[in-house]
Amino acid sequence: MAKYPPPEELIKINYSTPPTSWMDVPPEFKPGNFSYPGKPDILKYLGLPNPRVWSPTDDDWKLPENWKEIITEGFRERLEKYRSFKIFMDVCVRCGACADKCHFFIGGGDPKNMPVLRAELLRSIYRGDFTMAGKILGRLAGARKLEIDVVKEWFLYFYQCTECRRCSLFCPYGIDTAEITMMARELLTLVGCNINWILEPAANCNRTGNHLGIQPHAYKDMMEFLAEDIETVTGVKVNPSVNRKGAEILFITPSGDIFADPGIYTYMGYMILFEYLGIDYTWSTYASEGGNFGLFTSDTMMKKLNAKMYHEAKRLGVKWILGGECGHMWRVINQYMLTMNGPADFLETPVSPITGTKFDAAAGTKMLHITEFTADLIKNNKLKLDPYRNANFKVTYHDSCNTARGMGLLEEPRYVIKNVVPEFYEMPDNAIREQTFCCGGGAGLNNEEFTETRLRGGLPRGNAVKYVRDTHGVNTLACICAIDRATLPPLCNYWAPGVGVCGVHELVGNALILDGEKKRTMDLRQNPLPGFEDEEEE
Amino acid sequence: MTVSSSLLAQKKDDILARWFELTLATYAPETAVLWKKQKDRFANPVAYRFKTGMTGVLDEMVKSSETPTAAVFEPHLDEIVRVRAVQDFTPAQAVAFIYLLKQACRDTLWKDVSENGRFTELFELESRIDVLGLICLDIYCKCREKLFQIRIDQINTQYSRLLKRAGLVCDFAPEAPES
Amino acid sequence: MAAFYSFFVVLALVVLAWAGAGEAGWKGLFGIYIPYLALLVFLFGFLSKILNWAKTPVPFCIPTTGGQQKSLPWIKNNPWDNPYNTSGTVIRMALEVLTFRSLFRNTSVQLQQDGPKVGYNSAKWLWLFALMFHYSFLLILLRHLRLFTNPVPMPILKLEFFDSILQIGVPVLYQSDMIFVVAILFLFLRRVFDGKVNYISIMSDYFPLFLILAIALSGMWMRYIAKVDVIAVKELTMGLVTLHPVIPKDPIDISFYVHIFLVSVLFMYFPFSKLMHMGGVFLSPTRNMPNFSRRQMWVNPWNDPAIKPHSYAAYEDDFREKMIEAGLPVDKKA
């Protein structure tokens, strides 16, 4: 066989990564694969160590002089505080079952995004510092020394993990990368390496009650603005109360929903529902944030921010708390809140004022999820609904990682959706419920500078959405998470153009027939409703 | 069926397999192994999109020997380029996979071409692949533009309503409907 | 590289025992002292590791939920994947430990371009061979009890009977031996040839595999090829159990000493290695806790009550005037 000339356009590019051991591959920071570091003022406000101006692309990260000592001590302390951490450091057999479960690995292919390897980044240091075999055998036992590159590597890859816990589901020992990532981020925070998109919202939340730093008067103003929009659409004026003492129920939802598209429509949905029911409830500007970016920083921060909920409930003298649609907020409420800030003995177990149902599932925290509340209303026929007002939406549902794998809230939102829309289609089995794929923006990675990597990680989700779009004509992705509502629109825009994103209670708001409402000709987004147009407009 | 497409048609499946293999070889070896093995289209969307796109391209190439047009080929090439546009590649690396089709064709067809002197057909085929390269470039740029647009939109949706409420921007349109 | 090192280490161990118990004639050392030492190291190491884990607090209730929570009475709860009480959790753990349920979870419906068809799914193979490996290991371990009990209990005899029910060869072949070796080989080959697993593997992944393989092979060599004097072996093992250790007068083939030495090494290595997953799996907080932290309080022993929120009073001080202006109720007038 004659030899053909080498295709010249090929030889100049080196395509493949040489098969080097992962320990020898240094981390590489490029625009789009990391998030901007925390600003010094914010660190100072939060009382976090080593505030300074720096960038991950710098050679010198200006770590404190004794950074090694700080990290090793921090490591030891956390091993003593968390059984999970200790066990997850010890028992991994590297079977590889988790390897292809991470959305960042599936979409991007960087080996260090395999959950097992992400954990090994930490485990290799654990072996070197805390196990006999590692101390004696070194690299042979999978140990390595704590170098500056290790810290850089941690910063890169532990801020490329969304703590979605999908890997944990498939691990035979339940090793949870979210837990490992939390520990690593705490260690990084000890030496001043953290990201601004987490810390600034945390600081805002502490001072103003919400991530955005919206001051109380502005919050109320925004509510009135949305109430006007509701009046435009429905002809009914809603009268939400704010910071009112003696109400029966305190309602808390993520602040992202009060000003950002498409969250505001979900927010309007809540207001319409509560107006319809006429329940005795109040919003709070002090506790105007359901989300908790402390979860992505440290247990102390998480506790401090979460404590506002009970603090406010106590001050207002409410009986119980109702929580809005949010992902990680519910992980915190379900798995951390009572432990950190309980017992909530000044509150009562939630009882629906409309149906009388007592929600034993929330007997401890006294905090109920809005879809549990609404599902119960629908089941008891307490809502007058016209699903055909949502006929222009063909809906599928995205399970948030946190409510799916950190709570198990799977059926409630589906039940609500199926009752308020005429057409609902599920995505394939291995992309929903407990196996749901992350939106790519969890754990504080929903920042603009990280978009490229996030879209890469969003491929598995986007691919499943595209499938239902192509096979069933789905044009709407419903979700119960404010981060999703911010992350999924760009994700769909890139991977499955033509699919919009909405909250479950936006759909409820559309379908709900209010007393004394005018004929609806448009939905909450003020788009015309097909089949409901005014005649003169036709 | 005209000349160069008939050349292609002979060994379409082999070329497809080779092209896929060469393209996956542009990733880290442990990644490539995984992407080759996992067949579930939802668990392994990258390989699925590549396969779908590549099959589409080759089918269209066989159908006609005309100069490729964006209208026909863009949907297929988009499956691949859209993924590579966000995968940490330089622009050249991201679209280079199309030239790997040339190599796949030469690898697979060379025997037949050299023995039967079908060089004209091969050249014609390769010229058509060059056009595909240009289409890929367009798609790549569209994807990147979209990426930047998404980043801008993200900032806009985050702050526009606040600015509006703060009265810092004025709004002439009577409540423009959102989409 | 890691695989080669591990292989040579195991080879060295074999040679050591071979030379030590054979040429050098240190039968007492290899037959009595090292096994006793190994047992002590194992017991002490295993227990201290478990105790160390057990005394480390579990501050938060963090099960990974794999199904529908128990909430409203008319929504069906998935009690095994998302247990809300102890009995559900026990079942979840039992399924996990006895059937490797999480590994099995990988069997997802395989939809493909050209219609549904069953594809190759590596993780399902992993589940199958892991299960084969662990169960045959357990069976072999139990069978060995006949060497440490007198009279041999009925269940052990039954077990032996069924394990050799195919009646192949003399002495009859145990099926568990075959399955065991096949499973080890699969797990090993997977580590070598599966790119991603190979990339993450380190020496402590290969070493136990080689060690266990060597133990299996030396055991089979004893039984099927060297045909060691079982009466003499039992004399020695019973001596160990009754704490009156003797080296029997009838000579035992050297392969026995190799076998028992490798087993001793495994016992000593066990507590310091990933093999501790045997104990760890029972203590993993994402699996062994019910999802009930919204129903009742889970107490964190190191919870710090000094951590307080930024108080409402401080918040109001910050924004009082603006709040009054906006018509929001305030606790303290300006």
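The values are calculated or read from the model by the stated rules, or taken from the named source; none is laboratory data. Here the structure is a predicted model, which means the values were calculated and not measured. Virtual Cβ from ideal backbone geometry, glycine too; neighbours counted across all protein chains shown.
From the list A:Arg315, A:Arg331, A:Arg389, which one is over 24 Å from A:Val508 (Cα atoms) and in a helix (DSSP H, G or I)? So that I can check it myself, show each step before the final result.
Values: A:Arg331 fails: over 24 Å from A:Val508 (Cα atoms); A:Arg389 fails: over 24 Å from A:Val508 (Cα atoms).
When all the criteria are applied, what remains is A:Arg315.
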TODO: With respect to A:Ala97, determine if the residue is under 29 Å from the mean Cα position of the chain (by Cα) and either farther than 23 Å from C:Trp125 by Cβ or touching a residue at least 12 places away in the same chain (Cβ under 8 Å) (or both).
DONE: yes
Open item on the list: Considering only residues that are in a helix (DSSP H, G or I), within 12 Å of chain B (Cβ to nearest Cβ), closer than 24 Å to A:Arg144 by Cβ and not basic (Lys, Arg), which ones fall in the range C:193-206?
Closed with: C:Gly195, C:Val197, C:Asn198, C:Tyr199, C:Ile200
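I'd like the residue in the range A:428-470 that is aliphatic (A, V, I, L, M) and under 20 Å from the mean Cα position of the chain (by Cα) and, out of all such residues, is farthest from A:Arg405 (Cα to Cα). Outline the logic, then answer.
If we filter the range A:428-470 for residues that are aliphatic (A, V, I, L, M), which is where we start, we get A:431-432, A:443, A:445, A:455, A:459, A:464-465, A:468.
Applying the additional criterion that residues be under 20 Å from the mean Cα position of the chain (by Cα) yields A:431-432, A:443, A:445, A:455, A:459, A:464-465.
Numbers: A:Ala431: 13, A:Ile432: 11, A:Ala443: 14, A:Leu445: 19, A:Leu455: 22, A:Leu459: 20, A:Ala464: 19, A:Val465: 20 Å.
Result: A:Leu455.
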Open item on the list: Out of the residues in the range A:226-251 meeting the condition of being assigned to a helix (DSSP H, G or I) and touching a helix residue (DSSP H, G or I) at 6+ places or on another chain (Cβ under 6 Å), tell me which one is nearest to the other protein chains (Cβ to nearest Cβ).
Closed with: A:Leu226
Open item on the list: Just to be sure before I move on: is B:Phe97 buried (at least 22 other Cβ atoms within 10 Å of the Cβ), of a type outside the set (Ser, Thr, Tyr) and either without any contact (Cβ under 8 Å) to a residue 12 or more places away in the chain or more than 14 Å from chain C (Cβ to nearest Cβ) (or both) in the structure I sent?
Closed with: yes
- [ ] Would you be able to tell me the number of residues in the range A:64-123 that are of a type in the set (Val, Ile, Thr) and within 11 Å of another protein chain (Cβ to nearest Cβ)?
- [x] 5
Task: So A:Thr266, is it more than 12 Å from every other protein chain (Cβ to nearest Cβ), part of a helix (DSSP H, G or I) and of a type in the set (S, T, N, Q) - done: yes
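Residue-wise test of (1) of a type in the set (Val, Ile, Thr); (2) more than 9 Å from every other protein chain (Cβ to nearest Cβ).
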{"position": "C:Val263", "(1), (2)": "yes, yes"}
{"position": "C:Phe267", "(1), (2)": "no, yes"}
{"position": "C:Met276", "(1), (2)": "no, no"}
{"position": "C:Val281", "(1), (2)": "yes, no"}
{"position": "C:Met289", "(1), (2)": "no, yes"}
{"position": "C:Ser293", "(1), (2)": "no, no"}
{"position": "C:Ala306", "(1), (2)": "no, yes"}
{"position": "C:Ser311", "(1), (2)": "no, no"}
{"position": "C:Tyr315", "(1), (2)": "no, no"}
- [ ] Considering only the range B:105-146, state which residues are hydroxyl-bearing (Ser, Thr, Tyr) and loosely packed, with under 15 Cβ neighbours inside 10 Å.
- [x] B:Thr120, B:Ser127
- [ ] Any residue in the range A:511-532 that's without any contact (Cβ under 8 Å) to a residue 40 or more places away in the chain and assigned to a loop (DSSP other than H, G, I, E, B): show its pairings with residues that are of a type in the set (Lys, Arg) and surrounded by 14 or more Cβ atoms within 10 Å (Cβ to Cβ) at Cβ separation under 9 Å, as long as the two are six or more apart or on different chains.
- [x] none
Open item on the list: Give me the residue from the range A:392-407 that is outside any loop (DSSP other than H, G, I, E, B) and aliphatic (A, V, I, L, M) and, out of that set, farthest from A:Asp176 (Cα to Cα).
Closed with: A:Val395
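Matching residues to (1) without any contact (Cβ under 8 Å) to a residue 60 or more places away in the chain; (2) among the hydrophobic types (A, V, I, L, M, F, W, C); (3) more than 30 Å from C:Met323 (Cβ to Cβ):
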| position | (1), (2), (3) |
| --- | --- |
| A:Leu146 | no, yes, yes |
| A:Val151 | no, yes, yes |
| A:Thr162 | no, no, yes |
| A:Ser168 | no, no, yes |
| A:Leu190 | no, yes, yes |
| A:Asn196 | no, no, no |
| A:His211 | no, no, no |
| A:Thr234 | no, no, no |
Task: Elements of type helices (runs of 4 or more DSSP H) in the range A:97-175, at least 1 residues being of a type in the set (A, V, I, L, M, F, W, C) and surrounded by fewer than 20 Cβ atoms within 10 Å (Cβ to Cβ) - done: A:115-130, A:132-137, A:148-158
TODO: Look through A:Val474, A:Val501 and report the one residue that is β-branched (Val, Ile, Thr), away from chain B (no Cβ under 11 Å), touching a residue at least 40 places away in the same chain (Cβ under 8 Å) and not in a strand (DSSP E or B).
DONE: A:Val474
- [ ] All but one of (1) within 7 Å of chain C (Cβ to nearest Cβ); (2) in a helix (DSSP H, G or I); (3) touching a Lys or Arg at 6+ places or on another chain (Cβ under 9 Å) hold for A:Gly364, so report the exception by its number.
- [x] (2)
TODO: Please work out which residue is surrounded by the fewest Cβ atoms within 10 Å (Cβ to Cβ), limiting yourself to the range A:400-425 and to residues that are within 11 Å of chain C (Cβ to nearest Cβ), closer than 15 Å to C:Leu72 by Cβ and hydrophobic (A, V, I, L, M, F, W, C).
DONE: A:Leu410
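If the requirement is being within 26 Å of C:Ala306 (Cβ to Cβ), surrounded by fewer than 23 Cβ atoms within 10 Å (Cβ to Cβ) and polar (S, T, N, Q), which of these qualifies: A:Thr282, A:Thr300, A:Thr232? Break it down into steps so the answer makes sense when it comes.
Working: A:Thr282 fails: within 26 Å of C:Ala306 (Cβ to Cβ); A:Thr232 fails: within 26 Å of C:Ala306 (Cβ to Cβ).
Unique residue meeting the criteria: A:Thr300.
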TODO: Go through the range A:414-436 and give me each residue that's over 14 Å from A:His398 (Cα atoms), not in a helix (DSSP H, G or I) and not charged (D, E, K, R).
DONE: A:Val421, A:Pro422
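Inside the range C:94-169, counting only helices (runs of 4 or more DSSP H) that do not spill past its ends, which hold 2 or more residues that are surrounded by 18 or more Cβ atoms within 10 Å (Cβ to Cβ) and modelled with pLDDT under 75?
Numbers: elements: C:101-104, C:122-143, C:154-163.
Output list reads C:122-143.
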- [ ] For the range B:42-59, name all the residues that are over 27 Å from A:Gly458 (Cα atoms) and surrounded by fewer than 19 Cβ atoms within 10 Å (Cβ to Cβ).
- [x] B:Asp59
Open item on the list: Among the residues in the range A:437-460, are any surrounded by 24 or more Cβ atoms within 10 Å (Cβ to Cβ), within 14 Å of chain C (Cβ to nearest Cβ), on the phi < 0 side of the Ramachandran plot and in a helix (DSSP H, G or I)?
Closed with: yes
- [ ] Check A:Val351, A:Val332 and return the single one that is surrounded by fewer than 20 Cβ atoms within 10 Å (Cβ to Cβ), more than 7 Å from chain C (Cβ to nearest Cβ) and among the aliphatic types (A, V, I, L, M).
- [x] A:Val351
Task: Index of the failed condition, C:Ile168 passing every other in (1) touching a residue at least 24 places away in the same chain (Cβ under 8 Å); (2) more than 24 Å from A:Pro115 (Cα to Cα) - done: (1)
TODO: Determine whether the range A:287-294 contains at least one residue that is assigned to a helix (DSSP H, G or I) and in contact with a Pro (Cβ under 8 Å, 6 or more places away or on another chain).
DONE: yes
Task: Set C:Ala19, C:Ala38, C:Ala54: member being more than 30 Å from the chain's Cα centre (by Cα) and in a helix (DSSP H, G or I) - done: C:Ala19
